[in-house]
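I have placed the structure first, in the form of structure tokens, so that the comments after it can refer back to it.
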Amino acid sequence: MNPVRPGGGVSVGPRDTVGYRVFTWLNTITLVVICLVTLYPFVTLLAQSFSSAGAIKAGLVNAVPVGFNLETYRAVMRDGGFWTSYGNTVLYTVVGTAIAMVLTTTFAYVISKRHLRGRNVLIGIAVFTMFFNGGIIPNYVLISALGMKNTMWAIVLPGALSVFNLLVMKAFFENLPREVEEAAQIDGLGWFGIFTRIVLPLSKAMIATMVLFYSVAYWNDWFAAFLYVDRNELFPLSLYLRNLIAGASTTTAASAAAAGTTTDVISANIQAVAMILAIIPILCVYPFVQRYFVSGVMLGSVKG
């Protein structure tokens, strides 16, 4: 119901104007187009995974499968190398995310305290690493000298602390009410008790957001394994897919041949099948974390 002006007329709200309605329609159409453009590659990839090799090579597959077949899925499912790399990726993601969250939360909480001596030095050291690093060769020499080559730690530890995530979480901790921590101190809690029993429960949205950031980064990372891992049984799924796309994987071809499929099927759509299977876990996890995503990023990026 429109409000009545003091003179007796009816005022028009901003949402009743023609300009607002035009903006709403244009905004809706733009967002729908962006969503369609974003989803189209994934839908095409999904359609290719269920299509025949001949249809893919002929360019007949767009958003709908052509020549429906499940042989490639069966071939990949029977490939022991695929499932080994899958398990490795799950292990690397879980362990790496756990270590990263411990380091990020504790470091961010410490540097969020303005009374801490040397706080600016710690922040400066962290920010310095965002712009400068030793490079690939010194990092390789360091990992090898530490004895971490061909181990899980070569993949997990180098990326265990993201400075961007650290600064976002630091800003979030700085915005927490100081009165809550002061009340906990009066009740006899120490800093560790305040952090674990007060601060962390109040940071669920931020923690969920950081878990999503780190887990996706570890799940998709292949370069660290490419540099530091030479043994096939330690390959993560991303490196397995990289080798598959580059034509360096022969285990899948052997498995597919044993299953009775042809080389044409392997070369045409096995990449699509492997990629679809690789992104399923992220698609399953993201809806449960998405509700924390926007609020977590906003809470950590806006300083009041």
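Just so you know, all these numbers are worked out from the coordinates, no wet-lab data involved. Worth saying up front: this structure is predicted, and the values here are computed from it rather than measured. So basically every Cβ, Gly included, is an ideal-geometry build from the backbone, and we count neighbours across all protein chains shown.
Listed values, structure above:
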| item | result |
| --- | --- |
| Where labels lie 7 Å past Cα in the beta-carbon direction, separation of Val64 and Asp187 in nm | 6.2 nm |
| Kirkwood Rh in Å, taken over region 176-246 so that all alpha-carbon pairs contribute | 15.5 Å |
| Kirkwood Rh (inverse of mean 1/r, distinct Cα pairs), region 101-253, angstrom | 18.1 Å |
| Within region 99-139, chymotrypsin sites (Phe, Trp or Tyr not before Pro) in DSSP loop having at most 13 other beta-carbon neighbours inside 10 Å | Phe132 |
| Set of aspartates and glutamates with alpha-carbon distance to Lys57 below 18 Å, sequence-local pairs under 8 removed | Glu71, Asp264 |
| Calculated FRET value between Arg119 and Leu31, using beta carbons and R₀ = 51 Å, to 0.05 | 0.75 |
